[in-house]
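Notes follow once the structure below has been shown.
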Amino acid sequence: MVVANASNAAAVSDALAERIEGFRVVLDDRSLATALVAIQGPLSRQVMAPLTDLAIADLRNYAIGDGHVAGQPALVARTGYTGEDGFEVFVDVASAGHVWTR
């Protein structure tokens, strides 16, 4: 899975399409169907823990887990890209508002 900055999503998708030419792979660009909610900072574990069925304390840095957040199917990554501990929650676009509100 590649996560590009939203403003670069099309350019990244185009570059990947060029790079896979000649290989037996399929590029499935889910940018318009997937939302990302980032929960970052020193309280991120306390915020996330009651909202998910994943053992987020056990999720290592740069790992991803498959579970539920706020009752919605989600992938949860722990990259800490802001320099703080944190989680990136990937959900279907239709679920993003519910996850954000929770």
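The values are calculated or read from the model by the stated rules, or taken from the named source; none is laboratory data. All values derive from a computational prediction rather than experimental measurement. Please note: Cβ atoms are built from the backbone with ideal geometry, for glycine as well, and neighbour counts cover all protein chains shown. Accessible surface areas use protein heavy atoms only, side chains included; no ligands, DNA or RNA. Shrake-Rupley method; radii C 1.70, N 1.55, O 1.52, S 1.80 Å.
Quick notes
- Each residue in region 16-49 was checked for being open to solvent by less than 50 Å² (accessible area, probe 1.4 Å), among the aliphatic types (A, V, I, L, M) and under 13 Å from V69 (Cβ atoms), and 5 pass.
- So L27, is it under 17 Å from V93 (Cβ atoms), out of contact with any Gly (no Cβ under 8 Å at 6 or more places or on another chain) and outside any helix (DSSP H, G or I): no
- Pairs with Cβ under 7 Å, 6+ apart, first in region 1-15 and outside any loop (DSSP other than H, G, I, E, B), second open to solvent by 90 Å² or more (accessible area, probe 1.4 Å) and not small (G, A, S): V12/V2
- If only residues of region 71-94 that are among the acidic types (D, E) and part of a loop (DSSP other than H, G, I, E, B) are counted, the one that is least open to solvent (accessible area, probe 1.4 Å) is D85.
- Residue pairs whose Cβ atoms lie under 6 Å apart, sitting 6 or more positions apart in sequence or on different chains, and linking a residue in region 33-61 that is on the phi < 0 side of the Ramachandran plot to a partner that is assigned to a loop (DSSP other than H, G, I, E, B), are Q40/T82; Q40/E84; S44/D85; L51/A70; L51/R102.
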